[in-house]
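These notes are about the structure you will find just below.
The values are calculated or read from the model by the stated rules, or taken from the named source; none is laboratory data. All figures in this text were calculated on a predicted structure; none of them were measured in a lab. Reconstructed Cβ throughout: ideal geometry from the backbone, glycine too, with neighbour counts over all protein chains shown. All accessible areas refer to the heavy atoms of the entire protein, side chains included, with ligands and DNA or RNA removed. Shrake-Rupley method; radii C 1.70, N 1.55, O 1.52, S 1.80 Å.
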Amino acid sequence: MAVVKPTDVVPSASIKFFGAGTAACIADLITFPLDTAKVRLQIQGESQKVKGSSAVKYRGVFGTINTMVRTEGARSLYNGLVAGLQRQMSFASVRIGLYDSMKQFYTRGTESAGIVTRLMAGCTTGAMAVAFAQPTDVVKVRFQAQVRLADSERRYNSTLDAYKTIARNEGVRGLWKGCMPNITRNAIVNCAELVTYDMIKELILKYDLMTDNMPCHFTAAFGAGFCTTVVASPVDVVKTRFMNSGNGQYTSAINCALMMLRNEGPAAFYKGFMPSFLRLGSWNIVMFVTYEQIKRGMTQAQQYWESPF
């Protein structure tokens, strides 16, 4: 994504678009339990004021996963997977697949892209992606947050039922609940994730520390995952809380953040930090390594198709 040698063939926009969505789905399949654990830890404490200390049900990443498997079964770790894959196919395709095209748009087709241009490209594709994929994100979070017990009724019976129920009970606007905090969150995430990956990879290649291959992609992706988690955790927690909330629980995302600060203190904004880092770090590694391989493979296949001899 960063430095391209003259002899290299640049993948087309369609290859990047399709490759990003596919790679993100593969990364989601592998890291989804960590994402579910993160959501459970982030929403924990919403009713703590009413229920008291007994409301603390989940402790730590693996403790949360263990509790969920013991009380709800292993399948609960993949609650909302269908919506999650729908989200990635529509979301990652835009925010990651169109990033290079947006950089070229802002630089008017030139190869040199400074930090400001990269940040603008990241913010733009991040905001565009939310506009397309917000309903899938709302349904995914609702499914991950719902507790499945043998003696309790589930909030939603299926992904399609969730879309219908939310639209019926909360209006079509309910499917775009938390859109503004999500745009904020994804502008931050996209900038931290893509720009960091882009710059780390560029520096590695510039100083010949590694070749443009899997170890380079792994290192850049790990660094991007850590930076993204540190920067995006507070707004991610607010986004999760607000999207999962019922009618009238919070008047706005800002109100949600203020109530969190008042009732649970500043540490609440970093609830679920470890699963967030484990998830984002591993997700970035799987996604970027897979994405680079898909781009390379599809570009070679396209070349062979156009010139088989």
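Counting only residues that are open to solvent by 20 Å² or more (accessible area, probe 1.4 Å) and either touching a Leu at 6+ places or on another chain (Cβ under 9 Å) or more than 19 Å from GLU170 (Cα to Cα) (or both), the range 120-131 holds 5 of them.
Filtering the range 24-45 to residues that are open to solvent by 10 Å² or more (accessible area, probe 1.4 Å) and under 15 Å from SER276 (Cβ atoms) leaves PRO33, LEU34, LYS38, LEU41, ILE43, GLN44. Of everything in the range 132-145 that is at pLDDT below 90, more than 13 Å from the chain's Cα centre (by Cα) and not aliphatic (A, V, I, L, M), the residue that is most open to solvent (accessible area, probe 1.4 Å) is PHE132.
Within the range 78-104, being open to solvent by 20 Å² or more (accessible area, probe 1.4 Å) and aliphatic (A, V, I, L, M) holds for LEU81, VAL82, LEU85, MET89, LEU98, MET102.
Applying the condition of being outside any loop (DSSP other than H, G, I, E, B) and buried (at least 18 other Cβ atoms within 10 Å of the Cβ) to the range 107-118 and asking which residue is nearest to the chain's Cα centre (by Cα) yields ARG118.
Every residue, every condition in (1) under 17 Å from the mean Cα position of the chain (by Cα); (2) in contact (Cβ under 8 Å) with a residue 24 or more places away in the chain; (3) more than 27 Å from PHE218 (Cα to Cα), yes or no:
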{"residue": "ARG155", "(1), (2), (3)": "no, no, yes"}
{"residue": "TYR163", "(1), (2), (3)": "no, yes, yes"}
{"residue": "ARG168", "(1), (2), (3)": "no, no, yes"}
{"residue": "VAL172", "(1), (2), (3)": "no, no, yes"}
{"residue": "ILE188", "(1), (2), (3)": "yes, yes, no"}
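Determine, yes or no, whether VAL238 is of a type outside the set (D, E, K, R) and crowded, with 22+ Cβ neighbours inside 10 Å. Step through it out loud before you land on a result.
Details: of a type outside the set (D, E, K, R): yes; crowded, with 22+ Cβ neighbours inside 10 Å: yes.
Answer is yes for this residue.
One residue stands out among those in the range 262-309 that are within 30 Å of VAL9 (Cβ to Cβ) and of a type in the set (Asp, Glu): the one that is least open to solvent (accessible area, probe 1.4 Å), which is GLU292.
Scan the range 60-71 residue by residue and report those that are open to solvent by 30 Å² or more (accessible area, probe 1.4 Å) and in contact (Cβ under 8 Å) with a residue 40 or more places away in the chain. GLY60, THR71, listed by residue number. Take ILE96 and decide whether it is under 16 Å from the mean Cα position of the chain (by Cα) and in contact (Cβ under 8 Å) with a residue 24 or more places away in the chain. So ILE96 fits the description; yes.
Can you tell me which residues in the range 178-199 are of a type in the set (Ser, Thr, Tyr) and surrounded by fewer than 22 Cβ atoms within 10 Å (Cβ to Cβ)? Walk me through how you get there before you give the answer.
Let us first name the residues in the range 178-199 that are of a type in the set (Ser, Thr, Tyr), namely 184, 196-197.
Once the filter is applied, which keeps residues that are of a type in the set (Ser, Thr, Tyr) and surrounded by fewer than 22 Cβ atoms within 10 Å (Cβ to Cβ), the range 178-199 yields only THR184.
Take the residues in the range 240-273 that are closer than 12 Å to LYS38 by Cβ and within 15 Å of the chain's Cα centre (by Cα); name whichever of them is modelled with the highest pLDDT. Across the range 240-273, the extreme among qualifying residues is PHE273.
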